[in-house]
Every structure is written in C-alpha cells, then in structure tokens.
Amino acid sequence: MSDDSLANKATSNLEKITRNIDQLPMLPGVLFQLMKLNSDDDEFYDQVHSLAKTDPPLASFILSYANSAASSPNNAITSLQAALTRVGSQTIVNLITTLSVSKVFVPSHPEHKLIWKHSIETAMIASFISKITHHHDVDPEMAYMCGLLHDIGRFVLFQFAPTALDQTDAQGWGSANELPLVEKQILGTSHSEIGYIACQKLHLPNIVSSVVRHHHNYDICENDKAPQAFRELVLIIQFADFLSVMTSKTSDWKDFSTNDLKAHIHANCIMKNWGDHNLPVDMIAEALPMLISKSETLAASLGV
C-alpha cells in the first residue's frame with residue numbers, strides 16, 4: 001500500500017471512529033471528583049467518606065464490596081466508615097475507577113475480556129513500580145489510572161470496530177511494541193491515536209490523555225523537551241505494558257525460576273530507547289506472580 005493510500009485509509013477510519021466515539025456515555029461525575037483527590041492528603045479518607053455519603057451508588061458499591069467474598073469480613077459491615085476502614089479508601093478509589101470505565105466499555109465477546117485483564121494488570125504493575133522506584137515524581141494512583149486507561153483505544157475498537165480488532169489479533173503480535181505496527185497495516189492508524197480522541201470525548205485529565213497518546217512512543221523517555229515527571233510516568237506505563245503482554249504471551253512464565261524470569265524480562269520487556277532506565281527488574285521478577293494474582297482477583301470481582 002502506498003503512503004498516500006495508507007494516509008487516506010487512516011483518515012477515513014479515524015473519521016468513522018470519531019463519529020462513533022460521540023455515542024460513548026459519559027463517565028460518572030463522582031469519578032472525576034475522586035480523581036481530583038490527593039491520596040497523600042491527610043484528609044483523603046474523610047474526603048472519600050464525604051463523597052460516598054452524598055452519592056448513593058458509590059455508597060452502595062463500597063458497602064457491597066466490603067461485605068463481598070473479596071473482602072472476606074467475619075461480621076457484616078453496615079456503615080460506610082467501617083467499610084472504608086476495612087477495605088481502604090485508596091482501594092475503593094481504584095475499584096470505582098475500574099468499575100466506572102467497565103460500565104462504559106462492556107466487552108461484547110469473552111475474548112475481548114482479555115483487553116480488560118491486560119489493562120488491570122498494567123494498572124496494578126504500574127502502581128507497584130511507582131511505589132518502589134526512584135521515580136518520586138510519579139504518583140502511584142496516577143500510574144494506576146494511566147495504566148488502566150492506556151489501551152482505551154482498543155476498548156473503542158471492540159465497541160465500534162470489532163472486526164478490525166479481530167483482524168489485528170488474528171494477524172498476530174508478540175509484544176507490546178508490535179501491536180501498533182500491525183494496527184497501522186490494517187487500520188492505517190493505531191489504538192493510541194484512537195484512544196487520545198476518546199480521552200478528549202470523555203474529558204479525562206490532560207496527563208492521562210497524553211500518556212494514552214504516547215504510550216507506544218518509546219523515544220519520548222529520552223526527549224528532553226518533555227517534562228521529566230511525564231517521561232517517568234510514560235516509562236512506567238510502557239514497562240508495565242510489556243510485562244503484562246509478556247505474561248499473556250509466555251504461557252509457562254510462572255514455572256520460571258526468579259533468575260530465569262529476570263533474564264526473560266531483560267530480553268523481552270526492556271527497550272533500548274529507554275537508555276539508563278533503572279527499572280526494578282529484580283523486585284518485579286519476585287513480585288510479578290503476586291501482582292498478576294491480585295489483578296485476576298480484581299477482574300473477577302468486576303465481572304470482566
């Protein structure tokens with residue numbers, strides 16, 4: 001296909017998908033209020049509690065989750081205060097974020113649930129990395145949010161262009177950096193650009209939109225024109241993305257020894273473009289089984 005034909009194809013597909021994106025329902029207002037809260041603030045718990053008291057669906061969800069098998073209470077929990085204390089206010093924010101987006105992007109086929117599984121894994125891993133590394137400018141909850149939404153463009157595809165999504169997966173791709181290349185062959189564009197449009201439609205924060213747009217731009221980590229904090233956030237999301245894809249494409253990875261898993265991560269989840277990244281491969285290799293297990297539990301509790 002010529003460059004002109006590819007450009008025309010990309011323009012046509014983007015215009016079609018953009019028209020369909022206008023049909024997306026808005027995310028609930030409480031999510032935006034939760035996103036504005038600072039988890040490091042001493043009043044974070046009280047702020048979540050106050051929001052829950054004024055939003056019946058949020059209060060209902062918190063109480064329901066606190067009494068669910070996932071929380072495993074010995075006695076029934078009947079108050080918001082007890083529920084938040086037991087589950088943890090930050091856990092609730094993460095759950096609400098995930099649930100809110102899942103209500104907008106509902107998988108229509110079982111295989112599409114794999115996209116949700118990947119997004120939750122990326123969010124969980126990214127949050128963990130930001131907590132244990134030198135990336136002090138990256139808030140773990142922002143890392144979680146961006147990890148959860150980084151593939152929002154793929155959600156849009158299974159909503160409005162499932163055939164293209166299936167064609168992409170049928171053609172085959174083995175790692176995170178291969179996916180946008182295959183998409184461009186089929187669609188003339190990538191889920192990153194589609195996701196950026198969706199973020200604008202949903203009025204998501206600019207930093208989330210930017211991460212969605214650049215999460216396959218592996219040169220940005222060395223781009224001095226981009227703010228340091230943003231580069232570090234993108235790096236964490238990219239690494240978490242690679243790790244999640246690796247676990248799905250390597251069926252026997254759980255049988256690896258920790259040393260073999262470290263070597264596999266170095267060989268398959270690190271980009272040369274990242275330069276002196278200082279990513280915590282040793283700690284990730286040890287924690288990855290736990291992180292994937294937690295992600296699976298969360299996905300199951302949300303029905304995705």
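The values are calculated or read from the model by the stated rules, or taken from the named source; none is laboratory data. Just so it is clear, the structure is predicted and the values come from calculations on it, not from any experiment. Positions of Cβ are backbone-derived with ideal geometry, glycine not excepted, and every protein chain shown enters the neighbour counts.
The figures follow:
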{"item": "Odd one out for residue 200, checked against (1) assigned to a helix (DSSP H, G or I); (2) modelled with pLDDT of 90 or more; (3) not aliphatic (A, V, I, L, M)", "result": "(2)"}
{"item": "Residue in segment 238-252 that is in contact with a Leu (Cβ under 8 Å, 6 or more places away or on another chain), modelled with pLDDT of 90 or more, exposed (fewer than 15 other Cβ atoms within 10 Å of the Cβ) and part of a helix (DSSP H, G or I) present", "result": "yes"}
{"item": "Failed item, numbered, when residue 168 is tested on (1) part of a helix (DSSP H, G or I); (2) at pLDDT 90 or above; (3) surrounded by fewer than 24 Cβ atoms within 10 Å (Cβ to Cβ)", "result": "(2)"}
{"item": "Residue ID - surrounded by the most Cβ atoms within 10 Å (Cβ to Cβ), chosen from residues in segment 177-205 that are in contact (Cβ under 8 Å) with a residue 24 or more places away in the chain and β-branched (Val, Ile, Thr)", "result": "194"}
{"item": "Failed item, numbered, when residue 234 is tested on (1) under 17 Å from residue 174 (Cβ atoms); (2) within 22 Å of the chain's Cα centre (by Cα)", "result": "(1)"}
{"item": "Segment 221-255: number of residues that are within 16 Å of residue 270 (Cβ to Cβ) and touching a Lys or Arg at 6+ places or on another chain (Cβ under 9 Å)", "result": "4"}
{"item": "Residue within segment 172-192 that is outside any helix (DSSP H, G or I), modelled with pLDDT under 85 and under 30 Å from residue 40 (Cβ atoms) present", "result": "no"}
{"item": "Unmet criterion (only one of (1) under 19 Å from residue 138 (Cβ atoms); (2) touching a His at 6+ places or on another chain (Cβ under 9 Å)) for residue 274", "result": "(2)"}
{"item": "Looking only at segment 129-158, and only at residues there that are of a type in the set (Phe, Trp, Tyr) and crowded, with 24+ Cβ neighbours inside 10 Å, the one that is modelled with the highest pLDDT", "result": "144"}
{"item": "Test: residue in segment 55-70 that is at pLDDT below 75, crowded, with 16+ Cβ neighbours inside 10 Å, of a type in the set (Asp, Glu) and out of contact with any Ser or Thr (no Cβ under 6 Å at 6 or more places or on another chain)", "result": "yes"}
{"item": "Residue within segment 261-272 that is of a type outside the set (D, E, K, R), touching a residue at least 12 places away in the same chain (Cβ under 8 Å), surrounded by 17 or more Cβ atoms within 10 Å (Cβ to Cβ) and more than 20 Å from residue 147 (Cβ to Cβ) present", "result": "yes"}
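Here's the yes/no breakdown for (1) hydroxyl-bearing (Ser, Thr, Tyr); (2) within 17 Å of the chain's Cα centre (by Cα); (3) assigned to a loop (DSSP other than H, G, I, E, B); (4) over 20 Å from residue 133 (Cα atoms):
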residue: 264; (1), (2), (3), (4): no, no, no, yes
residue: 270; (1), (2), (3), (4): no, no, yes, no
residue: 293; (1), (2), (3), (4): yes, yes, no, yes
residue: 300; (1), (2), (3), (4): no, yes, no, yes
